[in-house]
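Beneath this line is the structure, given in structure tokens, with notes to follow.
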Amino acid sequence: MSSESYYVPVGSESLSAAASDPDRKVTVGRFASTDLTISVWADTMQHGAPPSALLVRALERCGARNDVRVTRVAVDILGPIPIAELEVRSWVQRPGRRVELVVAELWAADAAGRSRAVARATGWRMETVDTRDTVHTADAPLPPRTAGREGAVWTFPGSGYLDTLEYRWIAEIGGDGPAAVWAKPKPALVRGEQMTPLERLFSVADIANGVGSKLDPTHWTFLNTDLTVHVFRVPEGEWVGVSAETSIGPDGVGMCAGVLYDDAGAIGRIAQSVQVRARP
């Protein structure tokens, strides 16, 4: 399926009661995945960025309130996410006036037709107040896009998702220290919708693992099993900056850590656990 979006809605979203807790209201929506979500590792699975953005869409919309916003998202990838129809389920796990926890899951059918969860996200939402007089940003700004080089620098095999981004490279992959890039998604997240600032951020953030890698992907695989993003300021604009570097331990486990930016400066940080394996 070709499309100008990562996902196409299938029917309308609905509200139902959880089987395990009749008082808990679960929002359910269905989305067809397009070939623009294809991963760098296999053409049967999705890159982590579009599904994490779809989960964030659910975290923002579930029991939406004007006086809170998402401040931290932890995504766990529970298995390969197929290029298939996905069901998104979301609910408020821990309600609260100042702080609340929201959960969203992606469900898909396996080869035997059984439905299972393939990804899960938890998001803290905090009450917002005016703190403009105390603003402070710990991380220095990323150099502007005009200082970057256009075009892809990836040594990965071609993929649907990576081809959906525009790039401006500030520091190339594999060099000393963190690599850094500005990226902008060209498709919509969901057909017919404008991305929210956090949906746009998460449609890019998961590339940190690739940006920060020091390994040749023709000889190594390095798949992240999760991503955790803390957002202290809501990003503005269409471009997302990513500066990241991966550390690798002696037993096949790595950790990618990075900073996320908009044109005004840093807006948050990302961390990912990485499974490192030599190719046969």
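The values are calculated or read from the model by the stated rules, or taken from the named source; none is laboratory data. Please read all numbers here as calculations on a predicted model, not as lab measurements. So basically every Cβ, Gly included, is an ideal-geometry build from the backbone, and we count neighbours across all protein chains shown. Surface areas here come from the heavy atoms of the whole protein model, side chains and all, with no ligands, DNA or RNA. Shrake-Rupley method; radii C 1.70, N 1.55, O 1.52, S 1.80 Å.
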**OP:** Would you work out if the chain is rounded, prolate or oblate? Take a ≥ b ≥ c from the square roots of the eigenvalues of the alpha-carbon gyration tensor; rounded if a/c is under 1.5, else prolate when a/b is larger than b/c, oblate otherwise.
**Re:** oblate
**OP:** Between Val204, Val231, Val135, find the one with the highest GNM mean-square fluctuation for the chain; connect C-alpha pairs within less than 10 Å.
**Re:** Val135
Subject >> Shape of the stretch 104-230, Cα gyration tensor, a/c cut at 1.5 >> reply: oblate
Original post:
What full-extension length gain, to one decimal in nm, is calculated for Asp110 and Val28 as 0.36 nm per residue of separation minus the Cα-Cα distance?
Top reply: 27.6 nm
Original post:
Sequence-distant or interchain residues sharing an amide H contact under 5 Å with Glu245, placed H: which?
Top reply: Ala257
Original post:
How much net charge surrounds Glu87 when only other residues with a Cβ under 9 Å from its Cβ are counted (Lys, Arg +1; Asp, Glu -1)?
Top reply: 0
Subject >> the stretch 39-140 pair-distance distribution - Cα-Cα, 5 Å bins, rounded % >> reply: 3, 12, 20, 18, 14, 13, 9, 6, 3, 1, 0, 0
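Could you rank the peptides 38-49, 109-120 by their average count of other C-beta atoms within 10 Å per residue, with the highest value first? Walk me through the numbers on the way to the answer.
Numbers: 38-49: 20.2, 109-120: 13.0.
Top of the packing list down: 38-49, 109-120.
Summing +1 for each Lys or Arg and -1 for each Asp or Glu, what net charge is found among the other residues whose Cβ lies under 10 Å from the Cβ of Pro9?
It works out to a net charge of 0.
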Subject >> Total charge dipole magnitude, the stretch 187-280, about the Cα centre, Cβ charges on Lys, Arg, Asp, Glu only, Debye to nearest 20 >> reply: 260 debye
Subject >> Fraction of accessible area attributable to carbon and sulfur, the chain (%, probe 1.4 Å) >> reply: 52 percent
**OP:** May I ask for the equivalent-ellipsoid semi-axes of the stretch 193-246, computed as the square root of five times each C-alpha gyration tensor eigenvalue and listed largest first in whole Å?
**Re:** 25, 11, 10
Subject >> Sequence-distant residues sharing a close amide H with Arg24 (under 5 Å, placed H) >> reply: Ala18
